[in-house]
1. Which of the residues that make up region 123-137 are part of a helix (DSSP H, G or I) and either free of Cβ contacts under 8 Å to residues at least 24 places away in the same chain or open to solvent by 40 Å² or more (accessible area, probe 1.4 Å) (or both)?
2. Could you please let me know if Arg147 is outside any loop (DSSP other than H, G, I, E, B), open to solvent by 60 Å² or more (accessible area, probe 1.4 Å) and over 29 Å from Asp30 (Cβ atoms)?
3. Sort out which residues of region 137-168 are of a type in the set (Asp, Glu) and under 24 Å from Gly185 (Cα atoms), and write them in order of number.
4. Hey, can you tell me all the residues within region 50-76 that are open to solvent by less than 20 Å² (accessible area, probe 1.4 Å) and among the hydroxyl-bearing types (Ser, Thr, Tyr)?
5. Considering only residues that are without any contact (Cβ under 8 Å) to a residue 24 or more places away in the chain, of a type in the set (D, E, K, R) and more than 18 Å from Tyr19 (Cα to Cα), which ones fall in region 92-117?
6. Which one of these is closer than 30 Å to Val117 by Cβ and assigned to a loop (DSSP other than H, G, I, E, B): Ser69, Ser36, Ser46?
7. Would you pick out the residues in region 17-49 that are more than 15 Å from Thr82 (Cα to Cα), among the small types (Gly, Ala, Ser), within 21 Å of the chain's Cα centre (by Cα) and surrounded by 10 or more Cβ atoms within 10 Å (Cβ to Cβ)?
Amino acid sequence: MPLPEPAPRRHLHTRAVTYRGFLRDDGLWDIEGELSDTKTYGFQRSDGTDMPPGRPIHQMAIRVTVDESMTIRAIAVAMDHTPFGECIQGEDPMQRMVGARLGPGWRQAIERALGGVRGCTHLRELLFNMATAAYQTIFPWQERERRLAGQGGEAATEPPYHLGRCIAWAPDGAVTARYYPQFFGQPLKPLRRKDPPA
């Protein structure tokens, strides 16, 4: 269902963010994120140069390589377009995220390693949703492979991480009753969080 008809308006800005997940031949996983900002109009930059319509102000990408435990084994960064030459100083600090785990405490780990002037705002923004993209890449594929191998079907003994963290996955909700009846209506135990290394 589309959004309601908007009031008369002019398109001025587009931020495009894309995530892609890959299973590597070596059994590791690559999660890639790209971000770009463009304007529909030309303007003069603070350094006096002209910026034509459609030329990216920001164009950057991150690739994290993770293992089965969702731990980052490698990270690569590209900053093809930035508003200032100094922005590329944000690339090297990204290596601090190697060893971090995409799971509980992920955003706190990003802030500890790259928050404020320790890193680039836009690279941090891209990193935030890497965990969700990794989850959507890895776990459905693993479940598919188990089913194709004739495995699976066992009832979970621990609530999945997403239970109780979304309106659809309320512990007393219809979705939980359908997919996890063993946990329906039960209060969730508090998470025992172990933050990933910074």
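The values are calculated or read from the model by the stated rules, or taken from the named source; none is laboratory data. Everything numeric here is computed off the predicted structure, so don't read it as measured data. Cβ coordinates were reconstructed from backbone atoms using ideal geometry, including for glycine residues, and neighbour counts include every protein chain displayed. Areas reflect the complete protein model, heavy atoms only, side chains present, ligands, DNA and RNA absent. Shrake-Rupley method; radii C 1.70, N 1.55, O 1.52, S 1.80 Å.
1. Hits for region 123-137 are Arg124, Glu125, Phe128, Thr132, Tyr135, Gln136.
2. Considered against the rule, which asks whether it is outside any loop (DSSP other than H, G, I, E, B), open to solvent by 60 Å² or more (accessible area, probe 1.4 Å) and over 29 Å from Asp30 (Cβ atoms), Arg147 comes out as no.
3. Selection gives Glu154, Glu158.
4. Correct list: Thr65 only.
5. Asp92, Glu111
6. Within the list Ser69, Ser36, Ser46, the selection yields Ser46.
7. Hits for region 17-49 are Gly21, Gly33.
Here's the yes/no breakdown for (1) part of a loop (DSSP other than H, G, I, E, B); (2) hydroxyl-bearing (Ser, Thr, Tyr); (3) at pLDDT below 95:
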{"site": "Met60", "(1), (2), (3)": "no, no, no"}
{"site": "Arg63", "(1), (2), (3)": "no, no, no"}
{"site": "Val77", "(1), (2), (3)": "no, no, no"}
{"site": "Cys87", "(1), (2), (3)": "no, no, yes"}
{"site": "Pro93", "(1), (2), (3)": "no, no, no"}
{"site": "Pro104", "(1), (2), (3)": "yes, no, yes"}
{"site": "Ile110", "(1), (2), (3)": "no, no, no"}
{"site": "Phe139", "(1), (2), (3)": "no, no, yes"}
{"site": "Gln142", "(1), (2), (3)": "no, no, yes"}
